[in-house]
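The values are calculated or read from the model by the stated rules, or taken from the named source; none is laboratory data. On a predicted model such as this, the values are computed, not experimentally measured, just so you know. Reconstructed Cβ throughout: ideal geometry from the backbone, glycine too, with neighbour counts over all protein chains shown.
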Ligand SMILES: Cc1ncc(COP(=O)(O)O)c(C=O)c1O
């Protein structure tokens, strides 16, 4: 018997989940304006909306929480957190924030002015929005193969270095206050970025005097892909690979809700003490004092433990195999799965699964809703509802490069039989694909519209 993978943990506490009928789900979806963000979690059976903050913490993280020092200033928990960040990433300075978007907000509000441009391999929705609200321009420069769901290449999340250099020369480095790269590249199907590409991106930014920051949310998964896909790194430990990735960066923003396996938290880390001092002033106004930044001492303890546990090879091997298992199940169900399968999520090419629905009618949202009706499964669109935005020059809507549906997998939460169940619901959906209808936006806010949009079937 060949076993695809075995969970390297056993379960100490369970949370009941409830199955609903299709008729009930039709009512819930109608009441939610066809937007799964508006559906109550208790009306979802398997929740693959996001891997962010939805993981199950370990016994060591929970026991760490009991040690939480809740002092306002200089808490012991802060120093344990600081030590874990230094040990993992090599940055001497760190400021905690309540989550990743606050880290981005603090960094951008300090460094970026209206009219300036920030390049990234691909901005996530919150990084994009944090720049747009400042009147700045987020520019995405993932390699072209990142937008091809079929080519099976190891590092499709890479930055297109040629386009990056062209952009810097066109705009002038004085108009680029910082440059970023996102590992893994969530909006480009969770694809990893190679070590060479991280180092070459850093060198290019630095050649033009531009500070380089990494969006580090899924740093451990990215390091695992480097270890398993780049033969030069097969004998290095994940810890060594992580240090080598970050050695060339000036800092990072981090949503600890991903690869620190906690339910809330984030941070910004840097090499430059003067930048830390500038950001700290803003942090105190918006997040909290330097040594807690919007978190409690117990949250900082859980992050410190999570950062050490997430780089364990047993955990990472399980994590990637678990995700691949779901990807294979969805492929077998007949859905066009983006290849290769990423670390935290499986992405389905909804544009190809529902060719009768044009991108302007959001095939990703249509497929997400059909899956919810079929089995109470919640997923999210990563396509034009999330990413379409007006061209800064012409005002025309720029659509997302791909209309994807993301099945994000919470860490250490679902078992293999849960994933089998998702595969079966996908089979039902594929059979009904021809009758699934597109949607239009009835109302939406100007920024981050997917979270609150009210949708109507066309
Ligand atoms: C790549 C990336 N950057 C930033 C964020 C924002 O993090 P948070 O949700 O903690 O604000 C996310 C969240 O999903 C993400 O995936």
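What the table below lists for this structure:
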quantity	calculated
Residue 351, sole failed condition from (1) buried (at least 19 other Cβ atoms within 10 Å of the Cβ); (2) at pLDDT 95 or above; (3) closer than 21 Å to residue 410 by Cα	(3)
Elements of type helices (runs of 4 or more DSSP H) in the range 354-458, at least 2 residues being in contact with a strand residue (DSSP E or B) (Cβ under 6 Å, 6 or more places away or on another chain)	363-375, 416-431
Per-region count, the range 262-274, residues surrounded by fewer than 24 Cβ atoms within 10 Å (Cβ to Cβ), more than 10 Å from the ligand (Cβ to nearest atom) and more than 15 Å from residue 310 (Cβ to Cβ)	5
Answer residue from the range 320-353, given it is in a loop (DSSP other than H, G, I, E, B) and within 19 Å of residue 156 (Cα to Cα) and is nearest to the chain's Cα centre (by Cα) among those	344
Complete set of residues in the range 194-209 that are buried (at least 20 other Cβ atoms within 10 Å of the Cβ) and touching a helix residue (DSSP H, G or I) at 6+ places or on another chain (Cβ under 6 Å)	195, 198
Where residue 104 falls short, out of the listed (1) part of a helix (DSSP H, G or I); (2) away from the ligand (no atom under 12 Å from the Cβ); (3) buried (at least 18 other Cβ atoms within 10 Å of the Cβ); (4) under 22 Å from the mean Cα position of the chain (by Cα)	(2)
Verdict on residue 154 being in a loop (DSSP other than H, G, I, E, B), surrounded by fewer than 18 Cβ atoms within 10 Å (Cβ to Cβ) and either away from the ligand (no atom under 16 Å from the Cβ) or in contact (Cβ under 8 Å) with a residue 40 or more places away in the chain (or both)	yes
Residues (within 25 Å of the chain's Cα centre (by Cα) and free of Cβ contacts under 8 Å to residues at least 60 places away in the same chain) located in the range 401-440	403, 405, 417, 425
Inter-residue pairs, beta-carbon under 6 Å, first free of Cβ contacts under 8 Å to residues at least 60 places away in the same chain and in the range 1-18, second surrounded by 10 or more Cβ atoms within 10 Å (Cβ to Cβ), 6+ apart	17/45
Residue that is farthest from the ligand (Cβ to nearest atom) [pool: residues in the range 112-131 that are farther than 17 Å from residue 167 by Cα and within 18 Å of the chain's Cα centre (by Cα)]	131
Breaking point among (1) modelled with pLDDT under 95; (2) surrounded by fewer than 23 Cβ atoms within 10 Å (Cβ to Cβ); (3) within 16 Å of the ligand (Cβ to nearest atom), for residue 109	(1)
Residues that are assigned to a loop (DSSP other than H, G, I, E, B) and more than 10 Å from the ligand (Cβ to nearest atom), drawn from the range 251-261	259, 260, 261
Residue within the range 114-130 that is exposed (fewer than 15 other Cβ atoms within 10 Å of the Cβ), in contact with a helix residue (DSSP H, G or I) (Cβ under 9 Å, 6 or more places away or on another chain) and part of a loop (DSSP other than H, G, I, E, B) present	yes
Qualifying positions in the range 75-92 - surrounded by 20 or more Cβ atoms within 10 Å (Cβ to Cβ) and either within 9 Å of the ligand (Cβ to nearest atom) or not in a helix (DSSP H, G or I) (or both)	75, 91
Any hit, the range 60-70, residues being more than 17 Å from the chain's Cα centre (by Cα), surrounded by 21 or more Cβ atoms within 10 Å (Cβ to Cβ), away from the ligand (no atom under 12 Å from the Cβ) and part of a strand (DSSP E or B)	no
Odd one out for residue 96 among (1) within 16 Å of the ligand (Cβ to nearest atom); (2) crowded, with 19+ Cβ neighbours inside 10 Å; (3) within 25 Å of residue 439 (Cβ to Cβ)	(3)
